[in-house]
Structure formats: structure tokens, C-alpha cells
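This report concerns only the one structure given below.
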Amino acid sequence: MHIFKTLISGAALSVALATTSIAAGVELNASSTGLALQGYDPVAYFTQGEPTKGDYRISSVYNDATYRFASEEHKAAFDADPESYLPQYGGYCAFGAAMGFKFDGDPEYWKIVDGELFLNLSKDIQVRWEEDIPGLIERADTNWTDIADKAPEALQ
């Protein structure tokens, strides 16, 4: 009976989190259910130095998106200062933002620059982005003011 109650509670929590974050806007690269970073833990990039899948049972909703964490400590750190851990450009590809587009950021292709997390679309794009990180960040920052509130398909 205890296992059944645990399963029901877990399912209820998942549904509640999914429905509360379904309204994530176009400025965030989130799934249709509002899951950000494809379920990866945003704090782990800074503390563990590698992409780490989060646990659906340890999550927070911030700006209408759901973030998952590998530990309660990571969740607490995020909850205390979410802006310190969020990927730049809403989790979209940094190289794409520099080009004026919104492409999915892949949590496996990332880099922390000056204390900020950047994602890219693929290994090839990451290599191209690393050829001129400062210049491409500058271009992406400029472009982001114009594209942040536009749907990805509107930029094609």
C-alpha cells in the first residue's frame, strides 16, 4: 500500500509541476510542458563541472519553467539565486543568438564564461562558437534584445 501511495504522490507532483509551468514564454527554450534544460540540473554545471540530469522529484518552477536538480542542495542554491544559474539567452543556442536566430541549446554542449552558462546546438557549432567567444557573445547580447520575445519560427 505504501508503494502505491508513493507512486500516486509522485504522479500528482509531476502533473502539478507540468501544468503550472505550461505557460513558459518564447523567451525560454522549454518543452511544451515547460521543462527547461531538457531536465538537466542548471547548478551542476557550476558545482560539478558537467551536465547532470536532474531528478523529477527535486524541482523548482521559475519564470513559468520547471528546472530539475540532482540534489536538494542544488535546488536550495537555485531557489536562493536562480539568475546565477540560468543559461544565457533563455537556454537557446548562443551561436544561434549571435546570428539572430533561436535554435535549441543542447545541455551537452556548454561553457561557463565569466560566471555565465552558455549552451550551443551541437558539437560543430560549439567549436565554431569557441573560435570567437567574446565577439559572438557581444553579437548575441545585442541580438537578444530584438529576438527574445519572438517565437523561433518567426526568425526563420
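Just so you know, all these numbers are worked out from the coordinates, no wet-lab data involved. Just so it is clear, the model here is predicted, and its values are computed rather than measured. Glycine also receives a Cβ, built like all others from the backbone with ideal geometry; neighbour counts cover every protein chain displayed.
Annotations for the structure displayed:
- Lys pairs under 18 Å by Cα in the chain, provided they are eight or more residues apart or on distinct chains: 6
- Helical mean residue ellipticity (222 nm; -39500 (n - 2.57) per DSSP H run of 4+; nearest 500) of the chain: -11500 deg cm²/dmol
- Summary value for the stretch 28-156: 21 percent relative contact order, contacts being C-alpha pairs under 8 angstrom separated by 6+ residues.
- Residues whose amide H falls under 5 Å from that of Ile58, counting only those 5 or more places apart or on a different chain, are Phe69, with hydrogens built in the peptide plane.
- Formal net charge of residues neighbouring Ala151 (Cβ-Cβ distance under 13 Å; K, R +1; D, E -1): -1
- Residue-wise HN-Hα couplings along the stretch 148-155, as the Karplus relation 6.51 cos²θ - 1.76 cosθ + 1.60 with θ = phi - 60° gives them from phi, are 3, 9, 10, 5, x, 5, 6, 9 Hz; Gly and Pro carry x.
- Residue-count net charge about Ala77 - beta-carbon cut-off 14 Å; Lys, Arg +1, Asp, Glu -1: -4
- Theoretical gain in end-to-end length, Glu72 to Val127 [0.36 nm per residue, Cα-Cα removed]: 16.4 nm
- For Asp79 and Glu50, the FRET efficiency from 1/(1 + (r/R0)^6), where r spans their Cβ atoms and R0 equals 25 Å, is about 0.70.
- Per-residue ³J(HN,Hα) for the stretch 31-41, Karplus 6.51 cos²θ - 1.76 cosθ + 1.60, θ = phi - 60°, Hz, x for Gly and Pro: 5, 5, 8, x, 6, 8, 6, 6, x, 7, 7
- Around Glu131: net Lys/Arg minus Asp/Glu count, Cβ-Cβ under 15 Å: 0
- Structure-derived Cα Rg over 2.2 N^0.38 Å: which label, when the choices are [x] 1.26; [y] 1.08; [z] 1.69: [y]
- For the residues Ala44, Ala77, Ala36, a GNM of the chain with alpha-carbon springs under 10 Å puts the largest fluctuation on Ala77.
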